[in-house]
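J.: There's a structure below that I have some questions on.
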Amino acid sequence: MALEHVRPGMALGLGSGSTAEWFVRLLGERMRGEALDIACAATSRRTESLAREQGIPLRPLDDFERLDLTVDGADEIDPALDLIKGGGACHLIEKIVASASDDLIVIADESKLVPVLGAFPLPVEIATLGWRTTVRRLEEALSGVPMARRGGDDPVLTDEANYIVDCRMGRIEDAAALAATLSAVPGVVEHGLFLGMASRALIGSTDGTARAVHPAA
């Protein structure tokens, strides 16, 4: 369904994560089948590597004035199509790419649909310099205690060499207010709330069908 929105001459943003990777593979198949003339910007090193394997032409984001379309996944999607992203620790670049796009399509399975955001721990990317101080400021600002994300014994590092802390909010009643609170904490690089950015979600079901979901009025 997402591929149906891709047209010749487009500039595309390629998202990250397991679902977005299926889109990248299928885009590569389509390009090989019909010599599709497009240019793409990747949201992570992993996506960049996969796109190159698929023969998809990549350019740095700054080479584009705007992107026509970005296709990406999400960890949670509410009825307004507000999102939590960052489970894959790529949400900084994902948000930059999405904000540079005329259209953001989210692809996900139906388990990602929620009535209210917050059950999925909210990822917050923070600078490594003074990170413990930043975590203390987050503890003061939030009801959810931030936990540093680890890969084994070591903290997870993003592609931009920052740390990730996951904040267990439980239920986010006012996502816009929370986003403003997080952005105001010194040391916070970016948070995983994507508000008012997605134009539609394409939701797959276990029976193999998919449907389009638009923001609730």
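J.: Kindly provide the set of residues from region 22-35 that are surrounded by fewer than 18 Cβ atoms within 10 Å (Cβ to Cβ) and in contact with a helix residue (DSSP H, G or I) (Cβ under 8 Å, 6 or more places away or on another chain), ordered by number.
T.: Arg25, Leu26, Arg30
J.: Further question: Is there a residue in region 167-188 that is charged (D, E, K, R) and either buried (at least 20 other Cβ atoms within 10 Å of the Cβ) or touching a strand residue (DSSP E or B) at 6+ places or on another chain (Cβ under 6 Å) (or both)?
T.: Checked region 167-188: no residue is charged (D, E, K, R) and either buried (at least 20 other Cβ atoms within 10 Å of the Cβ) or touching a strand residue (DSSP E or B) at 6+ places or on another chain (Cβ under 6 Å) (or both).
J.: Where the second residue is not basic (Lys, Arg) and the first is on the phi > 0 side of the Ramachandran plot and lies in region 81-97, which pairs have Cβ atoms under 6 Å and are six or more apart or on separate chains?
T.: Leu81/Ala198; Leu81/Ala201; Leu81/Pro215; Gly86/Pro123; Gly86/Gly192; Ala89/Val156; Ala89/Thr158; Ala89/Ile164
J.: Report yes if some residue within region 24-35 is in contact (Cβ under 8 Å) with a residue 60 or more places away in the chain and at positive phi; otherwise report no.
T.: Within region 24-35, not a single residue is in contact (Cβ under 8 Å) with a residue 60 or more places away in the chain and at positive phi.
J.: Report, by residue number, each residue of region 39-72 that is of a type in the set (Gly, Ala, Ser) and either outside any loop (DSSP other than H, G, I, E, B) or without any contact (Cβ under 8 Å) to a residue 60 or more places away in the chain (or both).
T.: Ala39, Ala41, Ala42, Ser49, Ala51, Gly55
J.: Select from region 177-196 the residues that are part of a loop (DSSP other than H, G, I, E, B), in contact (Cβ under 8 Å) with a residue 60 or more places away in the chain and farther than 12 Å from Lys85 by Cα and write down the one among them that is farthest from the chain's Cα centre (by Cα).
T.: Across region 177-196, the extreme among qualifying residues is Gly187.
J.: Evaluate region 109-117: report whether one residue or more is of a type outside the set (Phe, Trp, Tyr), within 16 Å of Ala198 (Cα to Cα) and in contact with a Phe, Trp or Tyr (Cβ under 9 Å, 6 or more places away or on another chain).
T.: Yes, there is a match, as at least one residue in region 109-117 is of a type outside the set (Phe, Trp, Tyr), within 16 Å of Ala198 (Cα to Cα) and in contact with a Phe, Trp or Tyr (Cβ under 9 Å, 6 or more places away or on another chain).
J.: Let me ask something else. Within region 89-108, is there a residue that is among the polar types (S, T, N, Q) and in the same structural domain as Ile164 (by TED's automatic domain parsing)? Full working, then the answer.
T.: Of region 89-108, the ones among the polar types (S, T, N, Q) are 99, 101.
Cutting the leftovers down to in the same structural domain as Ile164 (by TED's automatic domain parsing) gives us none.
No, every residue in region 89-108 fails to be among the polar types (S, T, N, Q) and in the same structural domain as Ile164 (by TED's automatic domain parsing).
The values are calculated or read from the model by the stated rules, or taken from the named source; none is laboratory data. The structure displayed is predicted, hence computed values, not measured ones. Neighbour counts run over all protein chains shown; Cβ positions are idealised from the backbone, glycine included.
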